[in-house]
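Notes to accompany the following structure.
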Amino acid sequence: MFEYIVSKYNYWVYIFLMMLGLYGMIGKKNLVKKLIGMNIFQVAIILFYISIGSKVGASIPILTAEDLHGSANPLHYMNPLPHVLMLTAIVVGIATTGVALGIIIMVYNRYKTLAEDEILEIRKKSGV
Amino acid sequence: MEIVYSIKPLLAVLVSLIAAPLILLTGERQKNLREFWTILAAVIKFSIVVSMVPLVLDGKIIEYTILPIAPGLLLQLRVEPFGMVFALLSSTLWIATSFYSIGYMRGLNEHAQTRYFFAFAMCLSSAIGIAFSANLLTLFVFYEILTISTWPLVIHKETTEAVRGGRKYLLYTLTGGTLILFSAAMIYSLTGTLDFTPGGFLAGHGTPAMLTLLLITLILGFGVKAGIMPMHEWLPTAMVAPTPVSALLHAVAVVKAGVFGCLRVILYVFGPKVLTDLQLWLPLAYFVSFTILAAGLLALGQDHLKRRLAFSTVNCLSIMILGAALLSKSSITGGILHMAFHGFMKITLFFCAGAIYVKTHKEYVSQLDGLGRQMPLTFGAFTIGAMGLAGVPPVNGFISKWFLCLGALEAKEIVFLVVLLFSALLDVAFFFPIIYKAFFKKPLDDVNPHFDEAPMFMVVPLTVTAIISVGLGIAPDAVVHFFKITTLAVNSILGLGAG
Amino acid sequence: MTYEHFAVLIVIVPLMSAFAVALLGWFKRWACYPLTLAALFVSFICSLGILNTVISKGTIHYHFGGWEPPWGIEYVVDYLNGFMLVMLSFIALVVAIYSKRSIEQEIPEKIVPYYSIFLLLVAGLIGITVTGDLFNVFVFLEIASLAAYALIAVGEDGAPMAAFNYVIMGTVGACFYYLGIGYVYIVTGSLNMADLSQLLPNLYHNKAVLVGFALFTVGIAVKMGLFPLHVWLPDSYTYAPSVTSAVIAPMFTKVMAYLMVRIFFTLFKPYFSIDLIPITQILTWVAAGGIIAGSILAIAQTDLKRMLAYSSIANIGYIVLGIGLANRMGLTGSLLHILNHAFMKGTLFLVAGGIMYKMGMRDITQFRGLHKKMPFTMGTFTIAALSMIGIPPTGGFFSKFYLVLGAIDARQWAFIVVLLISSLLNAVYFFRIIENAYLEPPVTAYATDGGTHEEIKRDELPLSMLIPTLILAAGVVLLGIFNERIIAFIIRFAVPASF
């Protein structure tokens, strides 16, 4: 059992991070903390992708001069595709964070606080 | 049967559908033009319907396919004898009601007249559509349009009471609609068709339990509009609407559409064979008999004139369904004829109630003492209508009731003969006091003992419908051949030869 | 001009125009609106060209940069997304025409970015629909979502908080989706849908595939607002600017429904989704819960837009129910409902926006007399509402009819009951509004002369808002009348052949 956990430790880490992020999004009252939770959540998945692309003992996928003459052995290289996908995902993540921060600023300008329960209080008072 | 393809049935439906937006666009500013559209559409519709009568009498069927509506299902119109009876009834009465409405609405200076005439035209379109529907889905389409376009009429007065009546009406009829939709979908998935066939098309399909369930849902679905107890509640509540609306509801389109639907289901979907084999006709007959008697008894207790008429309608509608449920030749004839004839009699009665209200603002039976001297024409017509409903010759109600009683004997169920006769007695019991009061009681203080009738626009239509009622009683085959068409319909249902 | 590039132009044109609008708006604010319209118009023309090609020549494959499919990105258009594309680009165009006056009033200082983001949203949604690559879907999904967050956030008081909740929920949904891609990628090494559907059947019992499938389902369910994952939806729809609600409500959730169909029945073979894991069965129950809960919650609302939002949740239930029934009739109903609901909800939100524009409020208890003020607007509202209730001959009736047939074919009686009851619940909350809007402002007592009402001046929407509303409402009716054509020519082929 212990062996099982250790041998796949990268996946366990990603699941742990994901749950941490989920907790942040649900459990925290501060909007910025929620956002940080969301970021952790996204990063966890990015780590997951990174680890599915990697191989033990393989190097980064850059062809050496040697390979150009013979045929390149795919076993010597990590799979680059998941990593490329994650470049896109990182960009998407940044954009989401940007939009979310923008919205948080709007919220702050309107209510002068970032605590969710206080905002609810204010909105209840103003009758909206 | 020879089939003729013609666009006429579609035109009959479209006439009032085209008139409706014209009415809406003309609006309040040009009242006369707006009323002109109504009358014009009514007359054109009537002529189109009548022009199809000779073909139907020849035993031909007129068909028009509008468009396919779902794979294997057509939005199709088909003119055959049974539908013709209903179409004739509603198109004739629309003319009378149009004139009467003009008198009533202007006499009372009602509000929202444009909406009123618009909804009225929509109702008539869908009524004709229902009459000519070739299959259950087409019928359902028009049936739902009818439901919706009647609603503005029911809430016309816009009082809390009217709005509540409207809600109740929608609750009942839309629930009924969903039941019909369910049944239609079920039947479609059982048989792959929904086409009405004289004598039914369900034979050999489905399990008995399934068919019983379908009969129950369909009768409940259509029975809502036909006011079968215990689904009749909305009908008396809807009496808050203006009188021409009540006339439309009771005599011309709405409840008749319910009865028409029930009859279609009994005779054209299930058919006598299935109902006899499964022994379903007897429970059905008992079910509606209960309504006949209960409604008659309840009518006795009503002081509000229109409510009394409403319960009388509930009573008559179930009589028609009883006729169909007994499944004998004479009883079906009687049921279909009663559907047509009752329209003329009941509309007369409602017109009278409206005329009394416009003239004197009286709504209760107890206020009518001596009013016959002031409004002899109105009460004369009322007497004719009441006699007809009680089955007194020579008014047309006698003929239909005669056939119904014969039918009960043919079916060898004396119980139902007793029911019919007892209900006729009840008719006498709740109508004749009114006539007695109006003509023979000492006038109340506020009654003008001299001749002082309602506006011409109202008196003429009600006199005309009364005269037609008597005319049809003497010569049921006059002009539009109600009797002959009915016979054709019955023969096709029972699979008998022409004649 | 070659047609083959239409498949990519339909995305590229709005995408590039989004940047052009932002740039141009810097110099000439007035130019944003015409440019947006032009871009969407081009998209619409492209979509028609694409659909035409699909019908005449079969599925379109477009390889980006000439790279062969498993390696390169591929756009694939067949019947299923062909009709989605036409619907999306048409509704986007109509809403964009409508948007001018409404945006000028609600968010005057943000017109330029608004149009820019609007185009991004449309490009994203169309992109999701048109692409045949799993990861590409994710990218477009995030483009559309980010645009949607921004469009919602600029709304009234509660909007930023609603948008923030939507960001969190939406991101979780998207993350689940691309986590799912990861799991599928581990075992197949491919991202191309067509390629995957060949590779996956051998791996159907692989745990990673099962986890991937589950993640897809949950992710999409969150994004489409499927009950009980809908919590972000009501607030977002309510507080967003009118135009935003009118474009997101009909389009976003529908695209997600499309994606669900794609993944269930194209990416995975139908027998996997139906038989190997009982996901469709689970979904039907979830959907049924959503239908009932959405309808009941809608009844509880007094804010028009919030009510419409809950009604959306119920309607997503319909669509998912049809997918879950997983037979020909059910899925046909589902796809038809995607189309119908887009038109109905579009109309309703446009009307809500119109009322907001003229009256500055959405409280349905204050709607009295609106029919006099805005007769055409309320007329379209009524048509769309009748369609939501499922009154023939509007579109909504037919999609429900097919869903009922689907439930019958699947022998799922409970869902028939759910569908029928929800129809009635719809009637309750829509007639509440119609009733209010069509009644006069309250009068103290109904006098016999019809009562006196305050004269309400007609004050209709400007034409640029009214005409789009009318177009969509006409679409609701036409879709109903010609539903058989749509099914026969397009939807029939969009349903997997194995059904």
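The values are calculated or read from the model by the stated rules, or taken from the named source; none is laboratory data. Since the model is a prediction, treat every value here as computed from it, not as a measurement. Please note: Cβ atoms are built from the backbone with ideal geometry, for glycine as well, and neighbour counts cover all protein chains shown. The area values use the complete protein model at the heavy-atom level, side chains included, leaving out ligands, DNA and RNA. Shrake-Rupley method; radii C 1.70, N 1.55, O 1.52, S 1.80 Å.
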Of residues in the range B:213-226 being within 14 Å of chain C (Cβ to nearest Cβ) and out of contact with any Ser or Thr (no Cβ under 8 Å at 6 or more places or on another chain), the one most open to solvent (accessible area, probe 1.4 Å)
B:213
Scanning the range C:284-329 for residues that are open to solvent by less than 20 Å² (accessible area, probe 1.4 Å) and part of a loop (DSSP other than H, G, I, E, B) gives C:326
Going residue by residue through the range B:227-239, is there one that turns out to be open to solvent by 30 Å² or more (accessible area, probe 1.4 Å) and within 11 Å of chain C (Cβ to nearest Cβ)?
no
Quick one: in the range B:386-440, which of the residues that are part of a helix (DSSP H, G or I) and charged (D, E, K, R) is surrounded by the fewest Cβ atoms within 10 Å (Cβ to Cβ)?
B:410
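Among the helices (runs of 4 or more DSSP H) confined wholly to the range A:6-124, which include 2 or more residues that are at the interface with chain C (Cβ under 9 Å from one of its Cβ atoms)?
Fully inside the range A:6-124 and qualifying: A:9-27, A:31-53, A:80-111.
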So residue B:265 fits all but one of (1) in contact (Cβ under 8 Å) with a residue 60 or more places away in the chain; (2) farther than 30 Å from residue B:107 by Cβ; what number is the exception?
(1)
Would you mind stating whether residue B:153 is touching a Phe, Trp or Tyr at 6+ places or on another chain (Cβ under 6 Å) and either surrounded by fewer than 24 Cβ atoms within 10 Å (Cβ to Cβ) or touching a residue at least 40 places away in the same chain (Cβ under 8 Å) (or both)?
no
Checked C:115, C:75 against criteria (open to solvent by less than 30 Å² (accessible area, probe 1.4 Å) and either at pLDDT below 90 or not in a helix (DSSP H, G or I) (or both)); the one match is C:75
Is it true that some residue in the range B:191-212 is open to solvent by less than 50 Å² (accessible area, probe 1.4 Å) and within 8 Å of another protein chain (Cβ to nearest Cβ)?
no
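Condition check ((1) closer than 20 Å to residue C:187 by Cα; (2) surrounded by 13 or more Cβ atoms within 10 Å (Cβ to Cβ); (3) of a type outside the set (A, V, I, L, M)) across all residues:
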site	(1), (2), (3)
A:38	no, yes, no
A:48	yes, yes, yes
A:54	yes, yes, yes
A:77	yes, yes, yes
A:86	yes, yes, no
A:93	no, yes, yes
A:106	no, yes, no
A:117	no, no, yes
If you take the residues of the range C:406-416 that are open to solvent by 10 Å² or more (accessible area, probe 1.4 Å) and at negative phi, which of them is nearest to the other protein chains (Cβ to nearest Cβ)?
C:409
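Tally the residues that are within 15 Å of residue C:243 (Cα to Cα) and open to solvent by less than 10 Å² (accessible area, probe 1.4 Å), restricting the search to the range C:135-154.
6
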Residue selected from the range C:173-189 under the condition in contact (Cβ under 8 Å) with a residue 12 or more places away in the chain and open to solvent by 20 Å² or more (accessible area, probe 1.4 Å), by the criterion nearest to the other protein chains (Cβ to nearest Cβ):
C:186
Output for the range B:158-172, where each listed residue is within 10 Å of another protein chain (Cβ to nearest Cβ) and either out of contact with any Phe, Trp or Tyr (no Cβ under 6 Å at 6 or more places or on another chain) or buried (at least 24 other Cβ atoms within 10 Å of the Cβ) (or both):
B:158, B:160, B:161, B:162, B:163, B:166, B:167, B:170, B:171
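For every residue, the table says whether it meets (1) in contact with a Phe, Trp or Tyr (Cβ under 9 Å, 6 or more places away or on another chain); (2) open to solvent by 10 Å² or more (accessible area, probe 1.4 Å).
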site: C:336; (1), (2): yes, no
site: C:354; (1), (2): yes, no
site: C:365; (1), (2): no, yes
site: C:376; (1), (2): no, yes
site: C:379; (1), (2): no, yes
site: C:386; (1), (2): yes, yes
site: C:392; (1), (2): yes, no
site: C:404; (1), (2): yes, no
site: C:418; (1), (2): no, yes
